[in-house]
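The values are calculated or read from the model by the stated rules, or taken from the named source; none is laboratory data. Note that the structure is a prediction, hence the values are computed from the model and not measured. All Cβ positions, even for glycine, are placed from backbone atoms using ideal geometry, and neighbour counts span all protein chains on display.
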Amino acid sequence: MDLVIALDIGGTLVKGAMVDREGNTLDDFKLETLIGRGANDFVARLGSYINTLRKNAAAKGDRVLAIGMGVAGKILQKEGKIVFSPNLMPLNNYPLASELQKRTMLPVFMDNDANAFGIGERWKGAGREHENWLGITLGTGVGGVLILNGERWQGDDVGFVGEIGHTIVYPEGPLCNCGKRGCLEALSSATALTRGAKEAIEKGEKETELAEAYERNELNPILIADAAGRGDKLAVRLFERFGHGLGIAISNTFNLLGITTCIIGGGVSAAWPRFIDEVWKTLREVNSMVNFDQVVIKRASLGNRAAVLGAARLAWIELGKGH
């Protein structure tokens with residue numbers, strides 16, 4: 001059997017699997033990234049693990065043909081280089097793909113993790129029945145991907161595309177980690193929820209069940225979502241802001257591209273009931289162009305498997321081009 005090794009590389013873990021041409025996964029695995037040890041150490045450990053996987057596959061009569069990777073950050077796909085990744089700083093400006101290829105003697109194909117998410121959902125998930133859609137990943141930050149005419153839109157290969165998290169929805173809004181104010185990511189991410197709760201409590205908002213978690217330094221999006229479900233006013237307000245920002249960003253993208261479908265994934269999408277009504281409310285308030293009978297906003301279906309399957313699909317696509 002012919003296989004590719006697919007990797008979803010995050011700041012804490014590398015999630016991966018062996019994947020065949022049909023998208024069946026074998027030998028799922030997780031590795032600690034341990035990126036603080038440096039880029040060379042990371043690639044050496046990853047390369048060694050891949051070589052072991054390849055050897056074990058060969059013993060079963062299988063062939064590993066390539067490696068596909070989804071990596072958070074600004075990626076120069078053709079060069080196989082991470083320009084900037086906030087959670088993988090030692091890999092900034094590091095030729096990850098070529099270095100891993102040297103250690104494994106396999107072709108390596110790399111893309112942004114949100115693009116990998118989109119490729120995966122288009123191949124085996126919620127995007128299979130849609131030719132044109134906006135994908136959004138809600139996690140520590142906010143990622144985006146555009147699927148147009150059934151394929152991911154790649155733009156001019158400048159290292160980013162579909163970065164909806166850094167489109168500005170409130171020009172005078174909260175400061176984003178990118179240094180600008182009012183980015184979607186500063187309103188509709190795990191970081192935004194936690195930071196918003198912390199800032200409100202520090203400004204004197206004590207009539208909230210989140211105050212105790214703040215005192216213990218244990219604020220997190222799960223606690224905030226649970227509190228919102230119980231009607232905590234601060235938590236509800238944070239998720240209203242969360243959904244409002246998403247609604248504006250989705251509306252702008254729909255109007256710009258003439259599309260009507262959005263698929264939302266990432267860890268914070270688990271709080272769906274806390275924000276989706278506000279997304280729809282905002283979309284109806286601010287959008288005068290779309291036919292709402294045609295609008296689809298739905299959750300991704302592959303969970304944390306999306307980026308891994310997308311990385312696999314990327315490898316199979318590139319292999320089909322003759323690499």
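Odds and ends about this structure:
- Residue in segment 303-310 that is at pLDDT 95 or above, in the same structural domain as residue 108 (by TED's automatic domain parsing) and β-branched (Val, Ile, Thr) present: yes
- Residue check: residue 80 meets all listed conditions (1) farther than 18 Å from residue 308 by Cβ; (2) more than 20 Å from the chain's Cα centre (by Cα); (3) of a type outside the set (D, E, K, R) but one, namely (2).
- Any chance residue 18 is at pLDDT below 95 and aliphatic (A, V, I, L, M): no
- Of everything in segment 97-130 that is aliphatic (A, V, I, L, M) and buried (at least 24 other Cβ atoms within 10 Å of the Cβ), the residue that is nearest to residue 43 (Cα to Cα) is 108.
- Qualifying residues in segment 21-51 (those that are of a type in the set (Ser, Thr, Tyr) and modelled with pLDDT of 95 or more) - the one nearest to residue 120 (Cα to Cα): 49
- Residue selected from segment 252-270 under the condition under 16 Å from the mean Cα position of the chain (by Cα) and outside any loop (DSSP other than H, G, I, E, B), by the criterion modelled with the lowest pLDDT: 267
- Total residues in segment 215-258, condition closer than 22 Å to residue 119 by Cα, of a type outside the set (S, T, N, Q) and touching a helix residue (DSSP H, G or I) at 6+ places or on another chain (Cβ under 7 Å): 3
- Selection status of residue 220, loosely packed, with under 15 Cβ neighbours inside 10 Å, polar (S, T, N, Q), in contact with a Ser or Thr (Cβ under 8 Å, 6 or more places away or on another chain) and within 21 Å of residue 264 (Cβ to Cβ): yes
- Being touching a Pro at 6+ places or on another chain (Cβ under 9 Å), farther than 16 Å from residue 147 by Cα, in a helix (DSSP H, G or I) and not assigned by TED's automatic domain parsing to the domain that holds residue 14 is not true of residue 279.
- Qualifying positions in segment 8-33 - within 21 Å of the chain's Cα centre (by Cα), in a loop (DSSP other than H, G, I, E, B) and under 23 Å from residue 320 (Cβ atoms): 23
- Scope segment 294-323; condition surrounded by fewer than 19 Cβ atoms within 10 Å (Cβ to Cβ) and assigned to a loop (DSSP other than H, G, I, E, B); matching residues: 294, 295, 301, 321, 322, 323
- Of all the listed residues (231, 247, 243), the sole one being surrounded by fewer than 16 Cβ atoms within 10 Å (Cβ to Cβ) and either assigned by TED's automatic domain parsing to the domain that holds residue 144 or part of a helix (DSSP H, G or I) (or both) is 231.
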